[in-house]
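The values are calculated or read from the model by the stated rules, or taken from the named source; none is laboratory data. In this text, all values refer to a predicted model and were calculated from it rather than measured experimentally. Here Cβ is always computed from backbone atoms with ideal geometry, including for glycine, and neighbour counts include all displayed protein chains.
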């Protein structure tokens, strides 16, 4: 059984500034940025939203845009056609069902088009300060590589992490694992030689992925 708190403490020492790297000022802006972040870097998303949010940054504004108009704003993000439709539909639904306010609970958030558990977790933990673990590709890869969990899908990883990580550390552990996945525990060539948790890591100890 891994000493999860010990691992998280080491990662916190390594990444004292770990936080959400998407730029936003409201829950709605974060929701849109997170939808855009699918198969796209946070750096690229911030470049796009930095300009777009100056013109449109409310559900009402996006509801009144056409899908083509939204597409023109987000064209440099991957999968922009499907994301444009999701942003339009989600904005319309927020206006019509939630009085223009982003829901602050998981059950309602995942009803929105383009919003799965990961996106909902990002919004809940960062915009509303609710304990949540959002499992993206980094969290999935790193937590399984280390051996904190042994799961086959992001959803199973989310529930397994919630079982082994203290609730008060859920939200921050998400950021720590993402930072580690982006900076050291990379997908193709993890830099185990400089990793402070190598001695606690199954991947390093076993020498296999």
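Based on this model, can you work out whether residue 126 counts as modelled with pLDDT of 95 or more, outside any loop (DSSP other than H, G, I, E, B) and either outside the structural domain of residue 174 (by TED's automatic domain parsing) or out of contact with any strand residue (DSSP E or B) (no Cβ under 8 Å at 6 or more places or on another chain) (or both)? Break it down stepwise before answering.
Working: modelled with pLDDT of 95 or more: yes; outside any loop (DSSP other than H, G, I, E, B): yes; either outside the structural domain of residue 174 (by TED's automatic domain parsing) or out of contact with any strand residue (DSSP E or B) (no Cβ under 8 Å at 6 or more places or on another chain) (or both): yes.
The answer is yes for residue 126.
How about the stretch 78-104: which of its residues are buried (at least 22 other Cβ atoms within 10 Å of the Cβ) and part of a loop (DSSP other than H, G, I, E, B)?
102, 103
For the stretch 42-56, does any single residue satisfy the condition of being under 11 Å from the mean Cα position of the chain (by Cα), outside the structural domain of residue 163 (by TED's automatic domain parsing) and free of Cβ contacts under 8 Å to residues at least 60 places away in the same chain?
yes
Scanning the stretch 137-152 for residues that are assigned to a loop (DSSP other than H, G, I, E, B) and in contact (Cβ under 8 Å) with a residue 60 or more places away in the chain, which turns out surrounded by the fewest Cβ atoms within 10 Å (Cβ to Cβ)?
Initially, the stretch 137-152 is screened for residues assigned to a loop (DSSP other than H, G, I, E, B), giving 147-152.
Then drop every residue that is not in contact (Cβ under 8 Å) with a residue 60 or more places away in the chain, which leaves 147-148.
On the way: 147: 17, 148: 25.
My answer is 147.
Exactly one of (1) within 20 Å of residue 38 (Cα to Cα); (2) free of Cβ contacts under 8 Å to residues at least 40 places away in the same chain; (3) assigned to a loop (DSSP other than H, G, I, E, B) is unmet by residue 133. Its number?
Condition not satisfied by residue 133: (2).
If I ask for residues that are under 17 Å from the mean Cα position of the chain (by Cα) and surrounded by 19 or more Cβ atoms within 10 Å (Cβ to Cβ), which ones from the stretch 173-184 would you list?
Taking the stretch 173-184 and keeping what is under 17 Å from the mean Cα position of the chain (by Cα), we get 173-183.
Hits for the stretch 173-184 are 173, 174, 175, 176, 177, 178, 179, 180, 181.
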